[in-house]
Amino acid sequence: MMTASQLLAAHWDGTLPVDIDLIARRIGVEVRDLPLSGEDRTISGKIEHPPEAHPVVWINRSEAQVRQRFTLAHELGHHALGHLRGTRKLLRDPAANFSSAGTSLVEREANAFAASLLMPANVARFAVHEKKVLDITRLASGFNVSQAAMRFRLQNLGLLHG
Ligand SMILES: [Zn+2]
C-alpha cells in the first residue's frame with residue numbers, strides 16, 4: 001500500500017500540474033481509453049487488475065480534461081490503497097462515486113487520495129500562505145483541476161473559510 005505523499009515523493013518532480021500520466025507509467029499502470037459504447041459508456045472510468053498481469057485503467061475521454069485527470073488519480077488510488085486485493089479485481093466508477101457524499105468508504109478513500117495526489121498539501125499551503133493566491137480560478141488552473149475539486153481541497157486543508 002502506498003499513500004499519495006509516498007507516490008509524490010518517489011515519482012513527482014515538484015512542478016505543476018502534477019504529471020499523473022507519468023506517475024501511472026512509473027508504477028506500472030497502463031492507461032487506456034474507455035470504449036464509448038456498451039455498458040461502460042456512462043461511467044467515468046474503471047480499473048482492473050487481472051491475476052499475473054499489470055493493472056489497467058480506462059478513462060472516459062468524452063469528459064472534461066480536468067475530470068479525466070481526477071478520474072485517473074482516483075483509479076490510481078484504488079490500486080495504491082490495495083482496493084483490488086482478494087476477490088475484487090475490477091472496480092467501475094460512475095459519476096456518483098466522485099461526489100463527496102453518499103459513496104462507499106473505498107470510493108471516499110480513492111477521492112481523498114486523488115485530491116492529495118493532484119493538489120499536494122505543501123504546494124497548496126505555499127500558494128495560499130506565501131504567494132497569497134486566493135483566487136480559486138487561478139489555483140484550479142495551476143493544479144489543472146476543476147474549481148469544485150480545488151475549493152473542496154482548500155476547505156479540507158483549512159485554507160478556505162466559508
Ligand atoms: Zn472508485
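Annotations
- Local electrostatic count at residue 125 - Lys and Arg +1, Asp and Glu -1, tallied over other residues with Cβ under 15 Å: +2
- Scattering profile of the stretch 4-119 at q = 0.14 Å⁻¹ [log10 I(q)/I(0), Debye over alpha-carbon scatterers]: -0.52
- Taking θ as phi - 60° and the Karplus parameters 6.51, -1.76 and 1.60, the scalar couplings of the stretch 144-152 work out to 6, 10, 6, 5, 5, 5, 5, 4, 5 Hz in sequence order, x denoting glycine and proline.
- Cα→Cβ-extended label distance, 7 Å offset, between residue 90 and residue 22, nm: 3.3 nm
- Counting every other Cβ atom within 10 Å of each residue's Cβ, 136, 59 order from fewest to most as 136, 59.
- Rounded to the nearest whole Hz, the Karplus-based 3J(HN,Hα) values (6.51 cos²θ - 1.76 cosθ + 1.60, θ = phi - 60°) of the stretch 74-88 follow the sequence 5, 5, 4, x, 4, 5, 5, 8, x, 6, 9, 7, x, 8, 8, with x at glycine and proline.
- Modelled this way, with points 7 Å down the Cα-to-C-beta line, the labels at residue 99 and residue 13 are 4.0 nm from one another.
- Neighbour net charge for residue 71 - beta-carbon separation under 11 angstrom, K R +1, D E -1: +1
- For residue 31, residues with placed amide H under 5 Å, excluding near neighbours: 57
- Here the dipole of the chain is about 340 debye; that uses its Cα centre as origin and unit charges on the Cβ of Lys and Arg (positive) and Asp and Glu (negative).
- Positive-end residue of 6, 73, 157, charge dipole of the chain with Cβ unit charges: 157
- Averaged over residues, the count of other Cβ atoms within 10 Å places the peptides 64-70, 152-158 in the sequence 64-70, 152-158, highest first.
- The stretch 31-70 versus the stretch 1-17: alpha-carbon centroid distance in Å: 22 Å
Values quoted throughout were computed directly from the atomic coordinates according to the rules given, and no laboratory measurement underlies them. Everything quoted here is computed from the prediction, not taken from an experiment. With ideal geometry, Cβ positions are generated from the backbone for all residues, glycine too; neighbour counts draw on all protein chains shown.
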